[in-house]
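The values are calculated or read from the model by the stated rules, or taken from the named source; none is laboratory data. In this text, all values refer to a predicted model and were calculated from it rather than measured experimentally. Cβ coordinates were reconstructed from backbone atoms using ideal geometry, including for glycine residues, and neighbour counts include every protein chain displayed. With ligands, DNA and RNA removed, areas are computed over all heavy atoms of the protein, side chains included. Shrake-Rupley method; radii C 1.70, N 1.55, O 1.52, S 1.80 Å.
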Amino acid sequence: MYDCKRQNAIKPLTGQLHALLVLAFVLLVSVSAYADEFPVSEAASRGHRGRYLRASQFSPVQFNRGFRVLWGPQHQTVSNDQSGITIWLDRNSGSGFKSLRPYKSGYFSAAIKLQAGYTAGVNTAFYLSNNEAHRDYHDEIDIEFLGTIPGRPYTLQTNIYVRAGNAGTGRIITGREQQIHLWFDPTKDFHRYSILWTPFKIVFFVDDIPIRKYRRTNPYTFPARPMWLYGSIWDASSWATDNGKYKVDYKYQPFVAMYRSFVLP
């Protein structure tokens, strides 16, 4: 994770040079602590996009053909052309949606735009899970955006859980979280976030750039059971921003997230 003071030091730089310098810094310092993962700096050095699928290779899926409402139906609006969905959190509820069917592998992608301003405590997520099918020991592959306070960037967190225990069991075979700050402002425009899940590896992408790769080195530490694709927004005040120091402040409600251009296997 980069130092905000260093980020401020390069603010006078503009345009493409600024973006490249910030990206390079993020890639260099976001180093994995695990031997079965290569760091994002290595992912970048291996040709960036060239060896992987790109979202532009696929036709987007209409929302009603790929997903259904999971919870908070009064807190979501599907676009008239079914190309996307807007979900929001207020003091009454958050909202979520779920794919119509589970998948055992594939390429999953969406363009997402986040809310600017005070968003501390808000968790906006795009993830795979089988929590509803295996409530005691479920698997997850997550992309989460952790809200922030004005003047500080969003945190993008990726998670991989294998047979994680619920209901206070505390059982996690694999629970590996990594966090980065993005090299752009995710509130200004839509950016694409993707997960490639194969029987041998998991790769997370931002705008087709791989930011994390997790290899299958042991069948017991790699998710293999079918999972559904989800999107959600909810109150995670207890931990999301500075370990709970800053919480959701509903005087800034509603907190809105927009998803569009979905890609499914």
Excluding ligands, DNA and RNA, the carbon-plus-sulfur percentage of the accessible area of the range 66-207 with a 1.4 Å probe reads 47
How do Leu182, Leu100 rank by accessible surface area computed with a 1.4 Å probe, from largest to smallest?
Leu100, Leu182
1.4 Å probe accessible area per residue over the range 69-263, in Å²
41
Tell me the label-point distance for the pair Glu132, Arg225, using the 7 Å Cα-to-Cβ offset, in nm and rounded to one decimal.
1.5
May I ask for the distance between the Cα centers of the range 101-135 and the range 201-255, given as a whole number of Å?
7
Cα-centre dipole for the range 111-265 with unit charges at Cβ (Lys and Arg positive, Asp and Glu negative), debye to 20
320
